[in-house]
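So the structure is just underneath, and the comments pick up after that.
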Amino acid sequence: MEKQLADKYIYQYMDRIFGFALDKLHTIDGARELASDIVYEVYRSFLKADGIVNIDGYVYRIARNVYAHYIDSLARGRNFVSIDGMVIAAPEEPLEEEAETEQILRREIGYLSQRQRTVLYMHYYEKRTVAEIAQKLKISQGTVKWHLSDARSRLKEGINMNINEQNIQLSPIRFTHMGHSGCAGANGDTNAMFDTRLKQNIAWACYSEPKTLEEIARTVGVPQVYVSDDLKRLVEYAYIDRLDNTNDPKYRTNMLIYDGRDKADFSQIYSDAAQFISEKYLPKVFEEFENDKDHWGLSCDGGDLNFLKYSVVMLAVRRLIFDEKKFEKYTVKRPDGGDFIAYANVEDDISITAAKPNPYWCCGYMTRGVNDTPAEEAFESISVDCRYTDRSGGWQDNLQEDWQQLTKFIRSGKDALSQEGYKRLCDKGYLYEDRVQPAVMRIKSSEDIISAFFSGLNEKIAVPDEVTEYAKNMDEMVINENKKHFPQHMHETLECYYSNCIGSGIMIPKVIEILLRRGVLKPLSEIQKKAALSVLCINE
């Protein structure tokens, strides 16, 4: 029988069941307890049965059987009002099976809603009657009976339930490679939000399919009272969506989570693409850069062209991002000002132990910029961190203030900097013996500095048609393969996130590796590594 129909019938029969119980026991309190047990058994039977011909006779037979069991329990000196294992009065030396059942029961109680836990506690531990509970909680007696019946049904199902493959409490996952694509907020990004494994497991629990709070709690193996606060926080910051406004809503995670335990491997696709652009794209870019007498306005300490070519690789790969406006459609706005697509990888303890370090890790593209007037304070910067730079702080350590201080140093010298700002630039390696270490691009434009920087690069770096076609085919291949490993509701976001794959930051260390192997690039000095793959653009 469908649940909706079962609900309808059970409410119709509640008063008649109570009348049956009162007729048998002749006491109000006893009748209430017996009626509660009958309602439970009737409702459970409704949910399991199909095609009941005579509802009246069906309910009467169940009521009679429950009453007979009640009389039998009294004769044997047992208190029938307690449910299986509910009142835990363990013997001095409990059997191992009893101790295990007690532990499971306590856990199952924790999965119930706050209202049901309260009703159970008042009824079985405080020994309050249904009428007393109804008065105390200001709800009807029928509602109290319903909660008792439904709670006992859930407890029995939970105790007898076999752990299935979707239950992650025995093998909790953990997020790795957490990050964002877009602008982080005042409270950080994915990494800052998912600072506990409980939050990570909550998000993973309702990713492939929507779940209620109770279902999430059961999946992660943690009582609702501990799950609810973290779930509320994740919903507030839009990592998880509340799908309806019912009393028992469904929740679904809204971020890109890749299961790192999956056998899918896209590394070869990216390696092939790195090989392709190293042969078909970058040679022409390097030729035009070297033949330009001003080297596109790029300069560095000592005029080292090899050092500058590292930045040219970054800018040329970045040029292969063809459509950023579509990306904005899928970023998620957060309460702290963040506006980004969140992502993470899923591993478990076994797979993390077996995992090897990723030689192609990358944090980029990190942009900072100011278009303020006067013009001498305006700047735009772009950076990428990877194994070829001596930086590992990522976007959290790529501060707007650093680039503002460096711009002041270029314009007005050391005296224009605060003592703290000057020391930080020296510690970071952006200043060495009072010489600027990152590449600096000087442009002359009436546009704002940010627009001029990127429009200027688009004019300087031509993209051959065959590269454009390769990029299109690569996107299609990566997206189609990834769709097999992500839930349906994330497919549109996935199509955006994995567009422009050939221009993604992870291509940069792959390309540099190839160019170093061929001798097109030479290794950097330790000082240069601190500032490599960083460009500061200022308007002359």
Scanning segment 406-443 for residues that are within 18 Å of residue 537 (Cβ to Cβ), in contact with a strand residue (DSSP E or B) (Cβ under 9 Å, 6 or more places away or on another chain) and either β-branched (Val, Ile, Thr) or part of a helix (DSSP H, G or I) (or both) gives 406, 407, 409, 410, 411, 425, 436, 440, 443
For segment 235-268, which residues satisfy the criterion of being small (Gly, Ala, Ser) and within 19 Å of residue 360 (Cβ to Cβ)?
260, 264, 267
Please state which one of 235, 285 is closer than 30 Å to residue 346 by Cα and either in a helix (DSSP H, G or I) or of a type in the set (A, V, I, L, M) (or both).
235
Just one of the numbered conditions (1) exposed (fewer than 15 other Cβ atoms within 10 Å of the Cβ); (2) within 29 Å of the chain's Cα centre (by Cα); (3) at pLDDT 90 or above; (4) closer than 16 Å to residue 428 by Cα is not true of residue 401; which one?
(2)
Counting just the residues of segment 188-208 that are touching a helix residue (DSSP H, G or I) at 6+ places or on another chain (Cβ under 9 Å) and assigned to a loop (DSSP other than H, G, I, E, B), which one comes out surrounded by the fewest Cβ atoms within 10 Å (Cβ to Cβ)?
196
Is it true that residue 524 is part of a loop (DSSP other than H, G, I, E, B), touching a residue at least 12 places away in the same chain (Cβ under 8 Å) and not polar (S, T, N, Q)?
yes
Exactly one condition in (1) touching a residue at least 60 places away in the same chain (Cβ under 8 Å); (2) in contact with a helix residue (DSSP H, G or I) (Cβ under 9 Å, 6 or more places away or on another chain) is false for residue 450; which is it?
(2)
So, in segment 300-312, exactly how many residues are at pLDDT below 95 and of a type in the set (Ser, Thr, Tyr)?
0
Within segment 300-336, take every residue that is outside any helix (DSSP H, G or I) and within 15 Å of residue 532 (Cβ to Cβ) and give me the one that is nearest to the chain's Cα centre (by Cα).
300
Single condition residue 499 does not satisfy, out of (1) within 21 Å of the chain's Cα centre (by Cα); (2) in a helix (DSSP H, G or I); (3) polar (S, T, N, Q)
(2)
Out of curiosity, is residue 369 touching a Phe, Trp or Tyr at 6+ places or on another chain (Cβ under 7 Å), at pLDDT below 95 and not charged (D, E, K, R)?
yes
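State yes or no: is residue 297 under 18 Å from residue 534 (Cα atoms), modelled with pLDDT under 95 and exposed (fewer than 15 other Cβ atoms within 10 Å of the Cβ)?
On the way: under 18 Å from residue 534 (Cα atoms): yes; modelled with pLDDT under 95: yes; exposed (fewer than 15 other Cβ atoms within 10 Å of the Cβ): no.
No; evaluated as a whole, the condition is false for this residue.
The values are calculated or read from the model by the stated rules, or taken from the named source; none is laboratory data. Note that the structure is predicted; figures quoted are calculated from it, not measured. Positions of Cβ are backbone-derived with ideal geometry, glycine not excepted, and every protein chain shown enters the neighbour counts.
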